Amino acid sequence: MDFLSNSRFKGIEKFDKKVWLSSPTMHGDEQRWVDEAIQTNWVSTVGQNINVVEEQAASIIGRPCAVALSAGTAALHLAIRLAGEKLYGSAMPNHGVLEGKKVFASDMTFDATVNPVCYEGGELVFIDTEYDSWNMDPVALEKAFQLYPDVRLIVVAHLYGTPGKVEEIRRIADEHGALIVEDAAESFGSTYKVEPGSALEKKLGKTGNIQTGCFGDISIISFNGNKIITGSSGGMLFCDDKADADKVRKWSTQAREAAAWYQHEELGYNYRMSNIIAGVVRGQLPYLSEHIEQKREIYRRYKEGLKDLPVSMNPIPSNTVPNYWLSCMLVEEGSMAPFVRGEKDELWKSESGKSSPGEILGALSFFGAEGRPIWKPMHMQPIYRTSSFITTEGNGRGRSNAYISGSGVDVGADIFRRGLCLPSDNKMTVEQQDRVIEIIHRCFQ
Ligand SMILES: Cc1ncc(COP(=O)(O)O)c(C=O)c1O
């Protein structure tokens with residue numbers, strides 16, 4: 001659609017340079033460590049950059065062990081395999097460790113959170129989202145344990161940099177003897193307040209503002225190009241036990257036994273971080289607080305600039321300090337203009353005083369700014385259509401009845417329909433952000 005010929009957008013100019021959702025922000029130090037790796041010829045999956053970033057990331061997060069890997073997805077795979085082996089023992093090389101086992105997982109997230117459960121042959125049961133933090137709903141998780149009391153593994157993500165209800169989730173997990181794999185890919189640097197006497201204090205032995213990456217039995221972060229700290233790619237796994245960290249390191253480098261030749265007793269992977277990527281991460285790590293501060297300011301300006309519209313920002317629970325990775329917004333139900341999405345296409349219509357994520361994202365894109373729909377919930381994805389989905393009401397599938405009005409709750413579907421991610425690049429200028437805010441206002445005219 002040509003928004004320029006629409007009188008509502010009169011006077012708005014296209015951006016000269018694209019405004020990104022969240023692009024890498026390099027500082028120069030990255031070059032130094034990459035150059036050093038090249039000059040010293042340590043360019044493979046061994047080297048000082050890897051050792052340093054493991055030490056520094058462990059220290060930032062506050063956890064004894066960190067293992068540098070090629071991607072957050074690789075870290076999730078090995079975290080889930082490790083959890084699976086702890087629960088059910090090892091598997092034959094041509095079988096996954098989770099075969100025949102159900103696993104509870106966040107529903108509204110990137111598919112990288114949940115896919116590794118399938119790599120290991122597990123059966124996903126998706127847990128609905130709550131409005132307070134846009135993360136896994138502990139009430140729905142309790143319901144899931146009522147329906148499937150044998151489940152022993154929970155995979156939980158913190159979306160857009162805001163920690164989920166980890167105290168409640170830890171309490172429920174402990175009650176059922178379940179392990180937690182924590183996907184903190186998007187929330188590096190975010191904290192959650194652990195209270196004295198809580199289930200988390202019992203588990204962690206500490207209170208106060210604790211970093212995400214500490215709350216899972218095994219946890220991960222991502223250094224993907226769009227994350228708050230990037231290595232261009234890369235990921236990190238965190239755990240408490242050195243033997244577990246060593247096991248993951250071994251698996252990530254083809255699971256070689258101690259022999260002069262390549263001797264293998266376990267299935268291996270080529271998942272280790274390279275010393276070049278680690279050089280980029282090493283140059284970036286000192287800037288974590290600065291990036292968080294910039295993202296916090298972006299969120300604050302959106303909140304202020306959009307306060308007169310019938311929208312709200314992604315919520316920040318009072319016991320969390322997010323890293324504000326992406327600023328998101330939700331259109332009030334009564335102010336939603338007609339908007340439908342199919343599997344690949346969407347249709348929206350303008351209506352005075354109303355708008356929709358379709359229209360807003362269309363307008364932003366037209367003028368040269370990158371927004372994004374909210375993660376489409378996993379239970380709505382064609383690949384996972386047959387997986388179970390649990391809401392606060394119990395089984396979330398088949399809730400409507402041809403002869404009775406009403407249908408069940410589905411918080412993830414609602415946030416997906418009404419929400420969107422706003423341009424949140426930490427290099428976005430105030431003027432650019434003001435124009436983004438103005439474009440959103442015009443959508444509601
Ligand atoms: C929630 C979440 N989990 C997992 C990943 C996977 O990380 P990576 O891209 O490093 O494999 C990402 C991002 O890419 C993510 O946003």
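Please tell me if Val139 is within 16 Å of the ligand (Cβ to nearest atom), touching a residue at least 40 places away in the same chain (Cβ under 8 Å) and either in contact with a Gly (Cβ under 8 Å, 6 or more places away or on another chain) or not in a loop (DSSP other than H, G, I, E, B) (or both).
no
Looking at Glu13, Glu54, can you tell me which residue is in the same structural domain as Ala369 (by TED's automatic domain parsing) and of a type in the set (Asp, Glu)?
Going through Glu13, Glu54 in turn, just one is in the same structural domain as Ala369 (by TED's automatic domain parsing) and of a type in the set (Asp, Glu): Glu13.
Within the stretch 92-111, does at least one residue satisfy the condition of being within 13 Å of the ligand (Cβ to nearest atom), surrounded by fewer than 18 Cβ atoms within 10 Å (Cβ to Cβ) and not β-branched (Val, Ile, Thr)?
Yes, because at least one residue in the stretch 92-111 is within 13 Å of the ligand (Cβ to nearest atom), surrounded by fewer than 18 Cβ atoms within 10 Å (Cβ to Cβ) and not β-branched (Val, Ile, Thr).
For the stretch 145-168, give me the residue count where each residue is farther than 12 Å from Thr212 by Cβ and either at pLDDT below 95 or in contact with a helix residue (DSSP H, G or I) (Cβ under 9 Å, 6 or more places away or on another chain) (or both).
Residues flagged as farther than 12 Å from Thr212 by Cβ and either at pLDDT below 95 or in contact with a helix residue (DSSP H, G or I) (Cβ under 9 Å, 6 or more places away or on another chain) (or both) within the stretch 145-168 amount to 9.
If you go through the stretch 339-386, how many residues are in a loop (DSSP other than H, G, I, E, B), of a type outside the set (Gly, Ala, Ser) and without any contact (Cβ under 8 Å) to a residue 12 or more places away in the chain?
Matching residues across the stretch 339-386 total 4.
Applying the selection to the stretch 31-79, what residues are in contact with a Phe, Trp or Tyr (Cβ under 7 Å, 6 or more places away or on another chain) and of a type in the set (Ser, Thr, Tyr)?
If the condition is that a residue be in contact with a Phe, Trp or Tyr (Cβ under 7 Å, 6 or more places away or on another chain) and of a type in the set (Ser, Thr, Tyr), then Ser70 is the only one that fits.
Might you check whether a residue that is among the hydrophobic types (A, V, I, L, M, F, W, C), closer than 15 Å to Arg272 by Cβ, more than 16 Å from the ligand (Cβ to nearest atom) and part of a helix (DSSP H, G or I) occurs anywhere in the stretch 30-47? Show your work before the answer.
First pass over the stretch 30-47, keeping only residues among the hydrophobic types (A, V, I, L, M, F, W, C): 33-34, 37-38, 42-43, 46.
Checking the rest, the ones that are also closer than 15 Å to Arg272 by Cβ come to 37, 42-43, 46.
Among the residues that remain, those that are also more than 16 Å from the ligand (Cβ to nearest atom) are: 37, 42-43, 46.
Among the residues that remain, those that are also part of a helix (DSSP H, G or I) are: 37.
The answer is yes, given that some residue of the stretch 30-47 is among the hydrophobic types (A, V, I, L, M, F, W, C), closer than 15 Å to Arg272 by Cβ, more than 16 Å from the ligand (Cβ to nearest atom) and part of a helix (DSSP H, G or I).
Kindly provide the set of residues from the stretch 233-277 that are among the small types (Gly, Ala, Ser) and either on the phi < 0 side of the Ramachandran plot or away from the ligand (no atom under 16 Å from the Cβ) (or both), ordered by number. Working first, answer last.
Residues of the stretch 233-277 among the small types (Gly, Ala, Ser): 233-235, 243, 245, 252, 255, 258-260, 268, 274.
Of everything in the stretch 233-277, those that are among the small types (Gly, Ala, Ser) and either on the phi < 0 side of the Ramachandran plot or away from the ligand (no atom under 16 Å from the Cβ) (or both) turn out to be Ser233, Gly235, Ala243, Ala245, Ser252, Ala255, Ala258, Ala259, Ala260, Gly268, Ser274.
For residues in the stretch 142-191 being part of a helix (DSSP H, G or I) and either under 15 Å from the mean Cα position of the chain (by Cα) or not assigned by TED's automatic domain parsing to the domain that holds Phe104 (or both), which is farthest from the ligand (Cβ to nearest atom)?
Per the criteria, the residue is Val166.
Sort through Ser312, Ser252 and tell me the only one that's of a type in the set (S, T, N, Q) and buried (at least 22 other Cβ atoms within 10 Å of the Cβ).
Matching residue, one of Ser312, Ser252: Ser252.
List pairs: first residue in the stretch 220-247 and among the aromatic types (Phe, Trp, Tyr), second residue near the ligand (Cβ under 9 Å from one of its atoms) and in a strand (DSSP E or B) anywhere in the structure, Cβ distance under 9 angstrom, at least six positions apart or on different chains.
If the second residue must be near the ligand (Cβ under 9 Å from one of its atoms) and in a strand (DSSP E or B), the pairs left are Phe223/Ala71; Phe223/Gly234; Phe223/Gly235; Phe238/Ile220; Phe238/Ile221.
List pairs: first in the stretch 295-314 and without any contact (Cβ under 8 Å) to a residue 24 or more places away in the chain, second in a loop (DSSP other than H, G, I, E, B) and polar (S, T, N, Q), Cβ under 8 Å, 6+ apart or cross-chain?
Correct list of pairs: Met313/Ser327.
If you go through the stretch 122-134 one residue at a time, do you hit one that is more than 23 Å from Pro163 (Cβ to Cβ), surrounded by fewer than 21 Cβ atoms within 10 Å (Cβ to Cβ) and within 16 Å of the ligand (Cβ to nearest atom)?
First pass over the stretch 122-134, keeping only residues more than 23 Å from Pro163 (Cβ to Cβ): 122-123.
Cutting the leftovers down to surrounded by fewer than 21 Cβ atoms within 10 Å (Cβ to Cβ) gives us 123.
Cutting the leftovers down to within 16 Å of the ligand (Cβ to nearest atom) gives us none.
The answer is no, given that none of the residues of the stretch 122-134 is more than 23 Å from Pro163 (Cβ to Cβ), surrounded by fewer than 21 Cβ atoms within 10 Å (Cβ to Cβ) and within 16 Å of the ligand (Cβ to nearest atom).
Quick check on my filter: what residues within the stretch 95-126 are touching a Gly at 6+ places or on another chain (Cβ under 8 Å), outside any loop (DSSP other than H, G, I, E, B) and under 10 Å from Leu153 (Cβ atoms)?
Across the stretch 95-126, the qualifying residues are Lys102, Val103.
Residue under question is Ser222, and the condition is that it be within 15 Å of Ile61 (Cβ to Cβ), of a type outside the set (A, V, I, L, M) and surrounded by 14 or more Cβ atoms within 10 Å (Cβ to Cβ); does it hold?
Criteria met by Ser222.
Taking only the stretch 70-95 into account, find how many residues are more than 20 Å from Glu265 (Cβ to Cβ) and out of contact with any Leu (no Cβ under 6 Å at 6 or more places or on another chain).
Total meeting the criteria: 8.
Of all residues in the stretch 387-418, how many are among the small types (Gly, Ala, Ser), free of Cβ contacts under 8 Å to residues at least 40 places away in the same chain and surrounded by 14 or more Cβ atoms within 10 Å (Cβ to Cβ)?
2
Can you tell which of Tyr384, Tyr302 is away from the ligand (no atom under 16 Å from the Cβ) and aromatic (Phe, Trp, Tyr)?
That would be Tyr302, the only listed residue that is away from the ligand (no atom under 16 Å from the Cβ) and aromatic (Phe, Trp, Tyr).
Does Arg63 satisfy the criteria of being within 30 Å of Lys102 (Cβ to Cβ), within 16 Å of the ligand (Cβ to nearest atom), assigned by TED's automatic domain parsing to the domain that holds Gly216 and not acidic (Asp, Glu)?
The answer is no for Arg63.
Given the conditions (1) in contact with a strand residue (DSSP E or B) (Cβ under 6 Å, 6 or more places away or on another chain); (2) closer than 21 Å to Trp134 by Cβ, report the number of the one that Arg397 does not fulfil.
(2)
Going by the structure shown, is Phe389 aromatic (Phe, Trp, Tyr), modelled with pLDDT of 95 or more and not in a strand (DSSP E or B)? Give the steps one after another, and end with the answer.
Working: aromatic (Phe, Trp, Tyr): yes; modelled with pLDDT of 95 or more: yes; not in a strand (DSSP E or B): no.
No.
The values are calculated or read from the model by the stated rules, or taken from the named source; none is laboratory data. Source: prediction; values computed, not measured. Here Cβ is always computed from backbone atoms with ideal geometry, including for glycine, and neighbour counts include all displayed protein chains.
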